[in-house]
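K.L.:
After the structure tokens below, expect a handful of questions from me.
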Number of protein chains: 2
Amino acid sequence: MERAQTTTIRQRLSGVLAPVLTPFDAKLQPDAGRFARHCKWLLSQGLRGLAVFGTTSEANSLSVEEREALLETLLGSGVAPGALLPGTGCCALTDTVRLTRAAVRAGCTGVLVLPPFYYKAVTDEGLFRAFSEVIERVGDSRLRMYLYHIPPIAHVGFSLKLVERLVTAYPGTVAGMKDSSGDIANTKAVIDAFAKDGFEVFSGSEKFLLENLRRGGAGCITATGNVNPAAIDRLYRNFGSPEAEGMQARLNAVRNAFEKRPVIPALKAVLAHFSRDASWRTVRPPLLELPANETGALVDDLQKAGFEMQLS
Amino acid sequence: MERAQTTTIRQRLSGVLAPVLTPFDAKLQPDAGRFARHCKWLLSQGLRGLAVFGTTSEANSLSVEEREALLETLLGSGVAPGALLPGTGCCALTDTVRLTRAAVRAGCTGVLVLPPFYYKAVTDEGLFRAFSEVIERVGDSRLRMYLYHIPPIAHVGFSLKLVERLVTAYPGTVAGMKDSSGDIANTKAVIDAFAKDGFEVFSGSEKFLLENLRRGGAGCITATGNVNPAAIDRLYRNFGSPEAEGMQARLNAVRNAFEKRPVIPALKAVLAHFSRDASWRTVRPPLLELPANETGALVDDLQKAGFEMQLS
């Protein structure tokens, strides 16, 4: 109990967040109205926040202007900026600065920042300079930057030494990490090295939620949070209970059903199915919609795993 | 001889092009004036064209607006659009459409298009749709699209089947490829499959120039064209001569000196050295400038390889 209290005190951001799916219309344009409605539903399910413009959001298939417009609509619709952790990391320094500045000025609780991911085999020094340049240019003490480590997709990531340089140079500003490496050993190493100083470490999947929390991490930012938010959040709130292991096992069964398919199209297909709104299935290329016959098999798998989706 | 004549007739674009280095000022902003001067010097050395906004150009570290402004300055400075093959491929569909449309409207001879490169393990069908969507949205019969295949960096590339689908669906519009796979066997396979129909295949390095041309390819688009344009162009113009093998060997020796270092910073360091303009050394993060002591060693290596740089 004492540890939990300490955690509550030192952590500014903790819990379960969803990298929100981005709905598109038939012309592949982002649908801001459906986006805002989905965001509000997710928050109504208990999620701590919304990591809009993440990988699951197909944010890297959106222009800077499209992200800006969606954020404006979302804030205009009444979603509190304190619930938002937008993704702002682009290949181009100037784009990252522009999106980060806008998020900070809007009062967002933080930003989740990919490293510049086009050039490969770059050095820690080069990445340090990239992040340093963004922080200095934004030049705002309200900035809370979360490092987005997703080497399976970005192919550029954060070494422990790089994280150490960044938190040392920018304490408080470099506030945490989302670890989507899929390697819990890496997550634990980051937690062990930095969590004691208030660095908030999120796992990139609820599969690691219990291990993350027991080790002293801050929670998870997870794609399946888009469709299974309440159950994932329940484990977060009850991770010390005797039922936690069972809850984790049930979450894993649901997750596995998604991971057997291309996850983003599968999530959109399930949201389309349960919301009876087929337009949710649309993805931007290079992704492809889940074929209709696979959607049926996925829904079957989910029902066997005890999945329920209660859309208001 | 008959083959060479056929080649001349059917190829719209052939020769040596440089992916032009982008100069930055001390604030890491693109320097349009120096950029235009470098472009004009390259053309004065005999190059067929300028593949501005390529990998070597650090174009993926530039925003869409920065690329647009540089292109406008370049055209305003009197460089003919027929010499330009700008890179326009971004992660976001809408960015690629915007840059491609602008290039076509400006009269550029073509565009060199990366696949959307954030999402990995995407399908040929997804990539086909991505390119199809760009072509349909641009909707301009003047569009000549060159596919930019650079799997070592983009980690997303073009299979032969994908190229076949694209050239079949958009004959004349999907006009060629730059193959930066580093795998001459792949280049030969693409040439063998598609060159007979007028598909123009460029190697991504002058190391493969002679093999490319002998097989029926269109030339090369090469980073070292920024500093060694005349010698590379000489091999292109004389690839049937008895001296061609010797010329290729000398080009390779120069290329090897660069490839022992991070190529983009090394090219900028050499250009800074010979132009006596240290500001050329500047790169945007995540790249790093070549350390001063390494520049000296590189210049030594280049001189041993018989390299000369004659800046007007």
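The values are calculated or read from the model by the stated rules, or taken from the named source; none is laboratory data. In this text, all values refer to a predicted model and were calculated from it rather than measured experimentally. Heads up, the Cβs are rebuilt from the backbone with ideal geometry, glycines too, and the neighbour counts pull from every protein chain shown. All accessible areas refer to the heavy atoms of the entire protein, side chains included, with ligands and DNA or RNA removed. Shrake-Rupley method; radii C 1.70, N 1.55, O 1.52, S 1.80 Å.
Listed here are the residues, each with its yes/no results for (1) of a type outside the set (Val, Ile, Thr); (2) outside any helix (DSSP H, G or I); (3) under 25 Å from B:Phe199 (Cα atoms).
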| position | (1), (2), (3) |
| --- | --- |
| B:Gly33 | yes, no, no |
| B:Lys40 | yes, no, no |
| B:Glu66 | yes, no, no |
| B:Leu75 | yes, no, no |
| B:Cys90 | yes, yes, yes |
| B:Arg98 | yes, no, yes |
| B:Thr109 | no, yes, yes |
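K.L.:
I would also like to ask the following. Of all residues in segment B:294-310 being aliphatic (A, V, I, L, M) and open to solvent by less than 20 Å² (accessible area, probe 1.4 Å), which is nearest to B:Ile232 (Cα to Cα)?
P.N.:
Within segment B:294-310, the subset aliphatic (A, V, I, L, M) is B:297-299, B:302, B:305, B:309.
Within this subset, residues satisfying the condition of being open to solvent by less than 20 Å² (accessible area, probe 1.4 Å) are B:298-299, B:302.
Details: B:Leu298: 19, B:Val299: 18, B:Leu302: 15 Å.
By that ranking, first place goes to B:Leu302.
K.L.:
Here is a further query. Which residue pairs have Cβ atoms closer than 7 Å, lie 6 or more positions apart in sequence or on different chains, and pair a first residue in segment B:199-215 that is open to solvent by 50 Å² or more (accessible area, probe 1.4 Å) with a second residue that is among the charged types (D, E, K, R) and not in a loop (DSSP other than H, G, I, E, B)?
P.N.:
As it stands, the answer is B:Lys207/B:Arg255; B:Arg215/B:Lys188, since those pairs meet every condition given.
K.L.:
Of the residues in segment B:35-72, how many are within 14 Å of chain A (Cβ to nearest Cβ) and surrounded by fewer than 20 Cβ atoms within 10 Å (Cβ to Cβ)?
P.N.:
Qualifying residue count, segment B:35-72: 3.
K.L.:
For segment A:220-245, name all the residues that are closer than 18 Å to A:Thr55 by Cα and either open to solvent by 50 Å² or more (accessible area, probe 1.4 Å) or of a type outside the set (A, V, I, L, M) (or both). Lay out the reasoning, then the answer.
P.N.:
First, pick out the residues of segment A:220-245 that are closer than 18 Å to A:Thr55 by Cα: A:220-229.
Residues satisfying the conditions are A:Cys220, A:Thr222, A:Thr224, A:Gly225, A:Asn226, A:Asn228, A:Pro229.
K.L.:
Another question about this same structure. Residue under question is B:Ala103, and the condition is that it be in contact with a Pro (Cβ under 8 Å, 6 or more places away or on another chain), open to solvent by less than 10 Å² (accessible area, probe 1.4 Å), at pLDDT 95 or above and over 24 Å from A:Ile150 (Cα atoms); does it hold?
P.N.:
On the way: in contact with a Pro (Cβ under 8 Å, 6 or more places away or on another chain): yes; open to solvent by less than 10 Å² (accessible area, probe 1.4 Å): yes; at pLDDT 95 or above: yes; over 24 Å from A:Ile150 (Cα atoms): yes.
So B:Ala103 passes the test.
K.L.:
Here's a follow-up. What are the residues in segment A:238-265 that are in a helix (DSSP H, G or I) and free of Cβ contacts under 8 Å to residues at least 12 places away in the same chain, if any? Give the steps one after another, and end with the answer.
P.N.:
Of segment A:238-265, the ones in a helix (DSSP H, G or I) are A:244-259, A:263-265.
Listed by number, the residues that qualify are A:Gly246, A:Ala249, A:Glu259.
K.L.:
Please go through segment A:148-168 and pick out each residue that is out of contact with any Asp or Glu (no Cβ under 8 Å at 6 or more places or on another chain) and within 14 Å of chain B (Cβ to nearest Cβ). So that I can check it myself, show each step before the final result.
P.N.:
First, pick out the residues of segment A:148-168 that are out of contact with any Asp or Glu (no Cβ under 8 Å at 6 or more places or on another chain): A:148, A:150-158, A:160, A:163-164, A:166, A:168.
Hits for segment A:148-168 are A:Tyr148, A:Ile150, A:Pro151, A:Pro152, A:Ile153, A:Ala154, A:His155, A:Val156, A:Gly157, A:Phe158, A:Leu166.
K.L.:
Do you know which residues across segment A:106-118 are crowded, with 23+ Cβ neighbours inside 10 Å and under 21 Å from A:Gly49 (Cα atoms)? Steps first, please.
P.N.:
As a first pass, look at segment A:106-118 and keep what is crowded, with 23+ Cβ neighbours inside 10 Å: A:108, A:110-118.
A:Cys108, A:Gly110, A:Val111, A:Leu112, A:Val113, A:Leu114 - these are the residues of segment A:106-118 that are crowded, with 23+ Cβ neighbours inside 10 Å and under 21 Å from A:Gly49 (Cα atoms).
K.L.:
May I ask you to verify whether B:Arg12 is within 12 Å of another protein chain (Cβ to nearest Cβ), in contact (Cβ under 8 Å) with a residue 12 or more places away in the chain and open to solvent by 40 Å² or more (accessible area, probe 1.4 Å)? Break it down stepwise before answering.
P.N.:
Details: within 12 Å of another protein chain (Cβ to nearest Cβ): no; in contact (Cβ under 8 Å) with a residue 12 or more places away in the chain: yes; open to solvent by 40 Å² or more (accessible area, probe 1.4 Å): yes.
Taking the combined requirement at face value, the residue does not satisfy it.
K.L.:
Which of the residues spanning segment B:254-293 are within 19 Å of the chain's Cα centre (by Cα) and open to solvent by 40 Å² or more (accessible area, probe 1.4 Å)?
P.N.:
B:Asn256, B:Glu259, B:Pro262, B:Val263
K.L.:
Among B:Ala121, B:Ala130, B:Ala92, B:Ala80, which is the only one that is open to solvent by 40 Å² or more (accessible area, probe 1.4 Å), within 14 Å of chain A (Cβ to nearest Cβ) and among the small types (Gly, Ala, Ser)?
P.N.:
Values: B:Ala130 fails: open to solvent by 40 Å² or more (accessible area, probe 1.4 Å); B:Ala92 fails: open to solvent by 40 Å² or more (accessible area, probe 1.4 Å); B:Ala80 fails: within 14 Å of chain A (Cβ to nearest Cβ).
Matching residue, one of B:Ala121, B:Ala130, B:Ala92, B:Ala80: B:Ala121.
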